[in-house]
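Working notes, beginning with the structure itself.
The values are calculated or read from the model by the stated rules, or taken from the named source; none is laboratory data. As the structure is a computational prediction, the values presented were derived from the model and not from experiment. Here Cβ is always computed from backbone atoms with ideal geometry, including for glycine, and neighbour counts include all displayed protein chains. These accessible areas exclude ligands, DNA and RNA; they are computed on the full protein's heavy atoms, side chains included. Shrake-Rupley method; radii C 1.70, N 1.55, O 1.52, S 1.80 Å.
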Amino acid sequence: MLPEIKGLNEECGIFGVWGHQDAAQLTYYGLHSLQHRGQEGTGIVVSDGKKLKGVKGEGLVAEIFTSEAMKELTGTSAIGHVRYATAGGGGYENVQPLLFHSQMGSLALAHNGNLVNVNSLKHQLEAQGSIFQTSSDTEVLAHLMKRSGYSDSKDRAKNALSMLKGAYAYLIMTETELMVALDPHGLRPLSLGSLGDAYVVASETCAFDVVGAEYIRDIRPGELLIINDQGLVSEQFAVSSTKAICTMEYIYFSRPDSNIQGINVHTARKNMGKRLAMEAPIDADVVTGVPDSSISAAIGYAEAAGIPYEMGLIKNRYVGRTFIQPSQALREQGVKMKLSAVRGVVEGKRVIMVDDSIVRGTTSRRIVNLLKEAGATEVHVVISSPPIKNPCFYGIDTSTKEELIASDKSVEEIRELIGADSLTFISVEGMMNALGQEGTNGYCLGCFNGNYPTEIYPDTLQYYYQK
C-alpha cells in the first residue's frame, strides 16, 4: 500500500565519505546542509574496514546525533541519509541507512527516489522466500543483491540495479567499498567531490561547500561508481536512454547555493522570476516572495519589472519540528505560526506575491488572506512553475490526482479559490528558457504534462489516480 499523500514536500538527501578519519563528523555536517530534503528521520552508518555500525532515529540531524551518539561512530568511511517519508511511510524501521548483516559480510543502503515497480519486485522476492523487515522500497535492492548469484559485490549490484524501475540515487557500502549508483534517466541529482585524498558524494553540491570538499563531477545516469582504498572505478550498469532530471529540483527542492548539471539553482530561480515579469506584467507597488524557495524568483521578477522587492512575508524559524511533519491538520493550523505579513510593507499597497507552486491551494489562499488582512489593497499571485496537474512517481511527495487543484480547474477557477486579484503560472517554454534550454529534452516534466520518462506500473497508477 502506498502512503497517504497530502501535499508538496521534500524528498530525501544522501551523503557519503570514503577514506577520511573524520568520516562520521563530515557526514553529520553534510546531512545538516541537506536537512531541507527531509526532516522526519536521519541515520549514519560507518565502516572501520572490518565492520559496519550505525546510529539512526526519527527527528532532525542535530537531535539524533548528540555528542554521545557521535562517539559510537568511529571509522574512515560513512554514508548518511535524511528522510521524508514517501514510499513505505514513516516509522523507525524505515529510517535509513538500512543496515544488513550476514555471514558474507555487512551491507548498508541509503536511497533518494522512488521505485515504480517495487510491488511487483516484492511479490517476486517474497515468493522466493524473502522476508522484508521494513515497508520501504529501499530494502528491495538488498534482497536482489543477495539473490543475484554473483560472488563479486560489483556484479551483484549491477545485476540488482538493472531490475529497478523509477528514480534512484543509491549509496551502497560494505566493509571495503562504497558503491554509488544513479538511475538510467538521472532523475535525482547526485554529485562526486574530493576532500584531500578522500572522496565525497552528495545529493546537492551545497554539502561540499559545508565540509570544504571540491566538486569533481555529477554521477552519470546508469553509472555504478565503485570507491575503495585503491581509488575509483566507473562502470555502466544500464544504457542511459532518455536523460530526465527533475525540474522541481530547480524550482523548489534544492538549496539556492547548489549547482545541478552546472546550473546554479539561485540563478535558475531568478531567471524564472525575470521570465514571469515578461509573461505577466502587472502594475503594482511591491514584489514579495514566499520564504524561502521563492525569494530568488521574487528578486528576479522585481529586477526585471522595475518594482521594489520588499520582505512582505517573514518566516518564523523557531516554530519547531512539529510544523514540518506531514500532518494536514498541523499544516493548516501552522500557516500563521510559520509566516507573518509585514503590515508596514504591504499596507495600502498593490502586492505581487511570488511563489514556487500551487498544489492543493489551501496554503496559497491563507497567504493571500494574510497579506490582505495586513492591509494589502491587491494581491497578484505569480507562480514560478507551470500548473502541477499530475502526481510524481519518483520520490517527490505530491498529492493524488484528485487533490491536485490544477488537475481539473482552470487558472481562473484557482484564482477565485485562493482569493487573488490575478494569478499567473510560468509557461513550460518560459521555465525551460530560464534553465538555458530551448526544449524539454533532458528534463522530467511529468507533474506538469503527464509525460513520464519510465513506465508506470498499474498498481501505482491505481493509487495516484483514484477517484
Measure nothing fancy, just the Cα-based angle from helix 23-33's long axis to the longest principal axis of the chain, in degrees from 0 to 90, nearest 10. 20
On a 0 to 90 degree scale, rounded to 10, what angle separates helix 118-127 from the longest Cα axis of the chain? 30
Using modelled amide H (1.01 Å from N, peptide plane; none on Pro or chain starts), what sits under 5 Å from the amide H of residue 175, excluding residues fewer than 5 places away? 106
If I fit a long axis through the Cα atoms of helix 265-279 and take the longest principal axis of the Cα atoms of the chain, what angle between them do I get, 0 to 90°, rounded to 10? 30
At q = 0.17, 0.18 1/Å the base-10 log of I(q)/I(0) from the Debye formula over the alpha-carbon atoms of segment 119-270 is -1.04, -1.12
Mean Cα-pair separation over length for the chain, i.e. relative contact order, pairs under 8 Å, 6 or more apart, %: 14
Helix-only CD estimate at 222 nm, as mean residue ellipticity for the chain, using -39500 (n - 2.57) per DSSP H run (n ≥ 4): -7500 deg cm²/dmol
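Can you pull the percent of segment 79-157's accessible area that's carbon plus sulfur, 1.4 Å probe, other chains left in place?
After summing per-atom areas, the C and S share lands at 48 percent.
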Segment 229-312: radius of gyration and largest Cα-Cα distance (Dmax), Å: 17.8, 62
Suppose all protein chains stay in the model; what accessible area per residue would a 1.4 Å probe give for the chain, in Å²? 39
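If we sort 47-56, 177-186, 113-122 on the protection proxy, mean other Cβ atoms within 10 Å, highest first, what's the order? Please report the intermediate quantities before stating the final value.
Values: 47-56: 17.4, 177-186: 25.2, 113-122: 22.1.
The most tightly packed comes first, giving 177-186, 113-122, 47-56.
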Can you pull the semi-axes for segment 183-272, root of five times each eigenvalue of the Cα gyration tensor, sorted largest first, whole Å? 23, 19, 7
From the C-alpha gyration tensor of the chain, square roots of 5λ in Å: 39, 23, 21
Residues whose modelled amide H sits under 5 Å from the amide H of residue 224, counting only those 5 or more places away in sequence or on another chain, are 235, 236, 237
With all protein chains present and a 1.4 Å probe, how do 32, 20 order by accessible area, largest first? 32, 20
Give me the dipole magnitude in Debye, nearest 20, for the chain about the Cα centre, with unit charges on the beta carbon: positive for Lys and Arg, negative for Asp and Glu. 420
